[in-house]
Amino acid sequence: AQSVAQPEDQVNVAEGNPLTVKCTYSVSGNPYLFWYVQYPNRGLQFLLKYITGDNLVKGSYGFEAEFNKSQTSFHLKKPSALVSDSALYFCAVNIGGFKTIFGAGTRLFVKA
Amino acid sequence: EPEVTQTPSHQVTQMGQEVILRCVPISNHLYFYWYRQILGQKVEFLVSFYNNEISEKSEIFDDQFSVERPDGSNFTLKIRSTKLEDSAMYFCASSDSGDEQFFGPGTRLTVL
């Protein structure tokens, strides 16, 4: 079955430190990969996507993600975390053009 | 900046009643989606809509659900006879390309 896994329910990091939120996927073909962020009582906001090309993609708010085909991973990273980055992060995979499946989400806490 | 809007923000209904959730996608977008998020859980794909017809739907989207684009601007999700387990946040999304999706703020549906 096609799936997206976010192995960590929660990630804690100190402000100023680098952060990584992990995502692995299991889909057939060449998927489109996405990261979205959700702040409390808000909808999902697009951060970045990988379609093709350079494995390192840069997105909004200083986030970047690295696509690794051999490990079927698409980890989200940021060199220096901010308290305001604290939110719920979702990895998503677009399969078959019209259907997107989401991971379970990872809650990021950045401590001042 | 254009955005997806959804009304109402919160809908309370009795079990067995019909509800219609409304969305106004971004005006030049061609792909439309509904998702739901049960409190604290993952975002689940319900349905995608393109060229005035359903292009993909999940197993959740049974005969109790329907979607419509009645007037070229609104995109609605109807639940014919609500059940307690339909209580969730419902998110509408739209896309111009079929990959990056823009999400609305959501409608919280509470079924009593």
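The values are calculated or read from the model by the stated rules, or taken from the named source; none is laboratory data. Computed from a predicted model, the values in this text were never measured in an experiment. Here the Cβ positions follow ideal geometry from the backbone for every residue, glycine too, while neighbour counts run over all protein chains shown. Note: accessible area is taken over every heavy atom of the protein model, side chains too, but ligands, DNA and RNA are not part of it. Shrake-Rupley method; radii C 1.70, N 1.55, O 1.52, S 1.80 Å.
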The residue that is farthest from the other protein chains (Cβ to nearest Cβ), considering only those in the range A:18-34 that are open to solvent by 70 Å² or more (accessible area, probe 1.4 Å), more than 12 Å from A:LEU108 (Cβ to Cβ) and touching a residue at least 24 places away in the same chain (Cβ under 8 Å), is A:PRO18
The one condition B:PHE102 fails out of (1) open to solvent by 80 Å² or more (accessible area, probe 1.4 Å); (2) under 18 Å from A:VAL93 (Cα atoms); (3) within 11 Å of chain A (Cβ to nearest Cβ) is (1)
Subset of the range B:53-68, residues away from chain A (no Cβ under 14 Å) and open to solvent by 50 Å² or more (accessible area, probe 1.4 Å), comes to B:ASP62, B:ASP63, B:GLN64, B:GLU68
Determine whether the range B:37-50 contains at least one residue that is assigned to a loop (DSSP other than H, G, I, E, B), farther than 23 Å from A:PRO40 by Cβ and open to solvent by less than 60 Å² (accessible area, probe 1.4 Å).
-> no
Among strands (runs of 3 or more DSSP E) completely within the range A:35-112, the ones holding 2 or more residues that are more than 11 Å from every other protein chain (Cβ to nearest Cβ) and touching a strand residue (DSSP E or B) at 6+ places or on another chain (Cβ under 7 Å) are A:56-58, A:64-68, A:73-78, A:87-95, A:106-111
- Does B:LYS42 fit the bill of being within 11 Å of chain A (Cβ to nearest Cβ), basic (Lys, Arg) and over 11 Å from the mean Cα position of the chain (by Cα)? yes
